[in-house]
Each structure stands twice: as C-alpha cells, then as structure tokens.
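In what follows, a structure is listed as structure tokens, so that the remarks can point back to it.
The values are calculated or read from the model by the stated rules, or taken from the named source; none is laboratory data. Note that the coordinates shown come from a computational prediction; the quantities given were computed from them, not determined experimentally. Every residue, glycine among them, receives a Cβ derived from its backbone with ideal geometry; neighbour counts consider all protein chains shown. Just the protein is used for accessible areas: all its heavy atoms, side chains included, with ligands, DNA and RNA removed. Shrake-Rupley method; radii C 1.70, N 1.55, O 1.52, S 1.80 Å.
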Amino acid sequence: MNFLMKIWNSSLGKKYIMGISGFLLVFFIVAHMMGNFQVFLGPYWINTYGQFLHDRHEILWPARIVLLTMIVLHIWSAFKLRAENRAARPVGYAGDPASFAASYASRTIMMSGIIIAAFVIFHLLHYALGVRAVNLTGIDFSALRDSAGRPDIYLMLLLGFSKWPVAVFYIIAVGLLCLHLSHGMRAMFQSVGWKWTFGGVSHLPDQIARWFAVVIFIIYTSVPVAVMCGFGKAYREAAVQHLAASAVSGKEVDR
Amino acid sequence: MNLTLKIWRQKNAASPGCFETHEARDVSPDMSFLEMLDVVNERLIAGGQEPFVFDSDCREGICGTCSLVINGIPHGSRKGTTVCQLHLRYFKDGQTVTIEPWRARAFPIVKDLIVDRAAFDRIMQAGGFVSVNTGNAPEANALPVSKEIADLAMDAAACIGCGACVAVCKNASAMLFVAAKVSHLNYLPQGKAEKDRRVKNMVSQMDKEGFGNCTVTGSCEAVCPKEISLDFIAKMNRDYAVALVKGELKKSAAGGVG
Ligand code: HEM
Ligand code: SF4
Ligand code: FES
C-alpha cells in the first residue's frame, strides 16, 4: 500500500499509472477490433463469437472489472496530472506560439480523451445495452435473433451503421482515438522508458505507435464504411421486412 | 538596423508586471541580442530612466545564465543557440520583438527579466553529484568506460542548466534538465553506486519544487541550446522504475531477515 502511494504521489509514478492503464486499454482495443472484424466472415461467425463471450461469465466479468478500473485510473491520473501542470505554469507568454514544436496530437490529448469517453458511453448505450432511443432506427437491438435463436450481432451492426449520423460519429470518434493513441502510445513508451533501436530502426517504439494508430483506424472504420457502401444490404433488408411483417401480424417481436 | 522592443518590466515578485515599448535604433546586425540590450540600457541610463535587468555571464553559450524568451520562444528561434549567441542578423529590420522572462511557478521573477532558478540548485544538491573518498586521485585507466557510454554521458553532460526546457514547456516540467543530470552520472561507473538513490532523490526534489509533469510534447528538446535528447527522459523513467522496485525488494528482504 505504501509502495502504491509512493507511486501515486510522484510525478513519474502517475505517468506509469497513466501509461500502463492506457496500455491495457489498447490491449482491449485490439481484442475488440479482432472481434468486430469477424463481421466480414458473415453472421454465423460473429454471432457464435458473441454467444461464446456472453456465456463465459468467468471471462467476461473479470475483464469488465479490469477495464473499468483501468478507465478510472487513466482518467483520474489524467486530471490529476493536468491540474498539477496548470499550477506549474500559471502565466503564459505574450507571443504564445501554442507550445513550441509540440504535435497537434499532444496538444489536444485531453480533448480527444474526453470526446472518446463520451463516445464510449454512446457506444455502450447503442450496442451493448441496446437502448432504442440512441440508434435512430426505431428497432430494439437487444431483441434481434438469428435463425439459430442467438442474439443477431451481425444484423445489429448492419442496422446500426445504416444510419449515417451514427456511422459518421463512429468514424470521427475512432479518428480521435487514433489521434489520441498516436501521441498516447509514444508517451507510454517514453514513460516506461522503452526507446530502443531495433533492427536498424531508431526509436522503434515511436514508429510502432505511429503505425499502430493508422492500422487501428483503417480496420475499425472498415466496418461502418463497408456497411455504408452496401455491405450486407440484402440481409438487412430481408430482416427489416421480416420484422415489419411480424410487427403487423402482432407476433413476438415488439418489446 | 532598427528594432521595436516590447520588454517585460516588473519591480519584484510581488508586484504585477507589464510590457514597455522601446526603440532600438541604429544597432548593428553583428551585435548579439544581449549587446543590443546593453545599448538600449545605456541609452535609458543616459536619459535618466531605469535600465532593464537581465541575466548573463559568459556570453559564449556555455554557462547557462542568460535567459530571455524572444517572441514566445526561450533563447529565440535559432536551433541549439543560447540567447547570448543569438545575433541580430537573424532579425528583420524594423521587426517588433517581444522579450519576456522564463515563466514557471518554480522560477519566481526577481525583477524584470531575471528569475530565481535556485530550484535547479536544490535538485542538484539532492543527488547531482558522486561521492568520492578523499586521498590520491585514482589511476585514470583503472575504470574503463566504453566509447558508447562515454558518448552518451558526454551528451547528457552538455546541459548547462539554463532552464529553457522548463520555460518552453506548457507544463513547466523540468524533466529534460533532471534527466540530463541523472543520466550523465548514472551512465558512468563513478555514478553507478548511487544510481538508485540519485534518481529517487532528484525526482522527489523536482516534484517538491512544483515543476509540472512531462507530457512528451518535445518542446524542451526543440528549444534546448545544447540539444539534449528526449531519450534521456526515457532513461530516467526507466532508472526510476528500477529504483522503486529495487527499494521495495530490499525492504522486504531486510524484513525477512530481521
Ligand atoms: C479507449 C480509451 C483510451 C485509450 C485506449 C487510451 C490510451 C492512452 C495511452 C496508451 C496513453 C499513454 C500514456 C502515457 O502518457 O504514458 C494515453 C495518454 C493520455 N490519455 Fe488516454 N486513452 C483512452 C481514453 C482517455 C480518456 C477518456 C481520457 C480523458 C480525459 C484520456 C486522457 C489521456 C491523457 C491526458 C493522456 C496523457 C498523454 C500525455 O502524456 O500527454 N484518455 N491514453
Ligand atoms: S536540458 Fe537544455 S534547456 Fe534544459 S537546462 Fe539543460 S541546457 Fe538548458
Ligand atoms: S551568458 Fe553564458 S550561456 Fe548565455
């Protein structure tokens, strides 16, 4: 406990907390991305995967608790560090050249972080909790079932991204996440002291951070872009017709 | 050439300051920035006005005393140059130039353009030294140092302690200075024995002085007249983590025995 307080009370220690919590969140981002990407393998794959996760409470809950803890630590240390930094520099310069030589991503790290947090809340309401009011389709996502009677995640993604404001918000948020990570991962490597040259590439971790952000952006946005370009349109329209038909005949679906 | 100067005037730490505008007429482009200020001051004195006080000593870029923020950039915009080595030929005739002191809570203003950088001295006192037994100087070749290590230590040792890194940082963080000083000694065999204690004590003193935290913007590296690299900050972060963990292990080992 004393050890943890020592870390929390030092400037470098808080950066370790920030970096390690950020790193575990990045770990989640990668795992989540691999999950999402299965949408391109068709409804069977992704729905099976969804069902698998849902049934594994022994994996799901510890993972959720760890993630939540990391988010709390990350945001808490962000605000604590920010407050200290503001206090350390109470007066600026008259000819203020907006943080000399600092990258755009580094100057906007707090703003991108806050918008990501807002997006995460929306995202959870949208897909994880299936709150009908935020998905703009009027369809209850949590009630969707595939032919095997499992939650139809495939259809949910198709329907979700068929509304362009939702898809655009998603793409912007992922863009900001990548902006955040392009600086954040570099800062993280710096905070834990990883700055080696490897295979002739100097500052390999910095290069990894930059390319990682680009790759994450492309893969994450590929899903809404594909849907907007008509991916899975036949499946979606058939399902919507089916939903409408069963709503008219008053069977099951509603609620 | 002629310059219009907007110079910070402040009586002492307690009173509020403000900019005063002065003309620097017929100054030579071959003058250094500080020589130009000397001329302006002499004219002020001749006119019965109070001169501006500013810090300087060696005027050859090696002591780290000069400390002016020119148009928002500590030491001005020339790479790897202290303000005493900044010449007027890099300015345009008729240009307006803003001159301010370092701004950081840990560097309180003494008067006009002079700030108190004693916080750096206290950080050095906390660990920026090696303990050497008295007696004869040791045989010079008894302690081999590899070329790579000697180069790294030398690069770190180039820091002149001017504080421009703090001045430019949006968080007024002293990480680059402290990292240079920690790395310089921690790399060398002479400093190895006190490696862990050094990094812990210097970081702890840095935090006490009220400097901000590093957010890896790289402003310090860009403005540093000695071009100290951000890599030293990574080295210090690593050394500090190792020192924390080692300290914990040692404590639990001692506890086990006792
Ligand atoms: C999915 C969400 C997020 C991920 C994956 C993530 C990831 C990261 C990583 C890896 C770092 C580098 C840590 C370091 O500085 O050593 C970082 C830094 C940071 N993050 Fe986040 N973050 C997320 C959300 C947020 C949120 C919601 C905020 C809210 C305010 C935030 C604010 C910050 C700040 C201020 C930094 C400091 C960067 C610097 O040193 O300049 N992040 N983030
Ligand atoms: S690191 Fe560079 S800017 Fe900072 S005190 Fe040393 S010489 Fe000056
Ligand atoms: S006066 Fe010595 S470095 Fe400028």
By the rule of no other cysteine beta carbon under 4.7 Å, the lone cysteines of chain B are B:CYS18, B:CYS159, B:CYS162, B:CYS169, B:CYS214, B:CYS224
Magnitude of the Cβ-charge dipole (Lys and Arg +1, Asp and Glu -1) of chain A about the Cα centre, nearest 20 debye, reported as 680
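What is the mean number of Cβ atoms from other protein chains located within 10 Å of the Cβ atom of each residue in peptide A:189-197, rounded to a whole number?
Working: counts 3, 10, 9, 4, 11, 3, 9, 2, 1.
Mean shielding by partner chains, rounded to a whole number: 6.
Mind running the shape call on the stretch B:118-254? Use the C-alpha gyration tensor, a ≥ b ≥ c as the square roots of the eigenvalues: rounded below 1.5 for a/c, prolate if a/b tops b/c, oblate otherwise. Before the final figure, lay out each step's value.
Working: a/c = 1.78, a/b = 1.28, b/c = 1.39.
Oblate shape, in that a/c is at least 1.5 and b/c is the bigger or equal ratio.
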For the stretch A:1-86 the chymotrypsin sites (Phe, Trp or Tyr not before Pro) that pass both the DSSP coil test and the at-most-15 other-Cβ-within-10 Å test are none
For chain A, longest principal axis from Cα atoms; helix A:164-191 axis from its Cα atoms; angle between them, nearest 10 degrees, is 30
Expressed in nanometres to one decimal, the distance between label points 7 Å along Cα→Cβ at B:GLU194 and B:SER28 is 4.6
Charge dipole of chain A built from unit charges on the beta carbon (Lys, Arg +1; Asp, Glu -1), centred at mean Cα; most positive-end Cα among A:MET110, A:ALA94, A:ILE121 is A:ALA94
Share of accessible surface on carbon and sulfur in the stretch B:118-254, whole %, 1.4 Å probe and ligands ignored, is 56
With +1 at each Lys and Arg Cβ and -1 at each Asp and Glu Cβ, the charge dipole magnitude of the stretch B:3-111 around its Cα centre, to the nearest 20 debye, comes out at 460
For A:VAL227, the net charge from surrounding residues (Cβ-Cβ under 11 Å; K, R +1; D, E -1) works out to +3
Straight-line reach check, A:LYS6, cutoff 18 Å on alpha carbons, 8 or more apart in-chain or any other chain, hits among aspartates and glutamates -> A:GLU84, B:ASP196, B:ASP207, B:GLU209, B:ASP239, B:GLU248
Counting only protein heavy atoms and rolling a 1.4 Å probe, one gets per residue an accessible area for the stretch A:1-92 in Å² of 60
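Treating only the Cβ of Lys, Arg, Asp and Glu as charged (+1, +1, -1, -1), what charge dipole size does the protein assembly as shown show about its Cα centre? Round to the nearest 20 debye.
On the way: 51 positive and 40 negative charges, 249 e Å.
My answer is approximately 1200 debye.
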Here the relative contact order (percent) of chain A, from C-alpha pairs under 8 Å and at least 6 apart, is 24
Under 5 Å from the placed amide H of B:ILE114, counting only residues 5+ away or on other chains, we find none
Expected max-MSF residue from A:SER182, A:SER21, A:SER103 in the GNM of chain A (alpha carbon, under 10 Å) is A:SER103
Asserting the computed 222 nm helical MRE of chain A (DSSP H runs at least 4 long, -39500 (n - 2.57) per run, divided by residue count, to nearest 500) equals -23500 deg cm²/dmol
CD proxy, 222 nm, chain B: helix-only mean residue ellipticity via -39,500 (n - 2.57) per DSSP H run with n ≥ 4, per residue, nearest 500, stands at -12000 deg cm²/dmol
Taking a straight Cα-to-Cα line shorter than 17 Å from B:LYS6, and setting aside same-chain lysines fewer than 8 residues away, one finds B:LYS92, B:LYS111
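May I ask you to derive the relative contact order of the stretch B:78-170, considering only C-alpha pairs under 8 Å and at least 6 residues apart, and to give it as an integer percent? Mind showing how you got there, number by number?
Numbers: 31 pairs, mean separation 24.1, N = 93.
Over the stretch B:78-170, the number comes to 26 percent.
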For the protein assembly as shown, percent of DSSP beta bridges that are antiparallel (nearest 5) comes out at 75
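Among the listed pairs A:LYS80/B:LYS181; B:LYS200/B:LYS251; B:LYS195/B:LYS235; B:LYS200/B:LYS235, which are separated by more than 20 Å between their Cα atoms?
Working: A:LYS80/B:LYS181 27 Å; B:LYS200/B:LYS251 15 Å; B:LYS195/B:LYS235 12 Å; B:LYS200/B:LYS235 13 Å.
Long pairs (Cα-Cα over 20 Å): A:LYS80/B:LYS181.
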With the dipole of the stretch B:186-258 defined by +1 on each Lys or Arg Cβ and -1 on each Asp or Glu Cβ, the option from B:THR215, B:GLY247, B:ILE228 whose Cα lies farthest towards the positive pole is B:GLY247
Farthest towards the positive end of the dipole of the stretch B:3-111, among B:CYS66, B:GLN10, B:LEU37 and with Cβ unit charges of +1 on Lys and Arg and -1 on Asp and Glu, lies the Cα of B:GLN10
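If I require 30 Å or longer along the helix axis, counting alpha carbons, and a Kyte-Doolittle average no lower than -1.0, what helices from chain B are left? Use full DSSP H segments.
B:231-257
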In the stretch B:3-111 the DSSP beta bridges are antiparallel at a rate, in percent to nearest 5, of 75
The stretch B:143-180 and the stretch A:187-206 have their Cα centres apart by a whole-number Å value of 18
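Take every Cα pair under 8 Å in chain B that's 6+ residues apart, average their separations, divide by the length, and report that relative contact order as a whole percent. Kindly include the intermediate steps, with their values, before the conclusion.
Values: 438 pairs, mean separation 49.0, N = 258.
Averaging sequence separation for qualifying contacts and normalising by length gives 19 percent for chain B.
Would you mind finding the longest exposed-site-free stretch of chain B, with exposed GluC sites (Glu not before Pro) meaning DSSP loop and at most 11 other Cβ atoms within 10 Å?
Values: sites that count: B:GLU60, B:GLU139.
My reading of the result: B:140-258 is the longest stretch.
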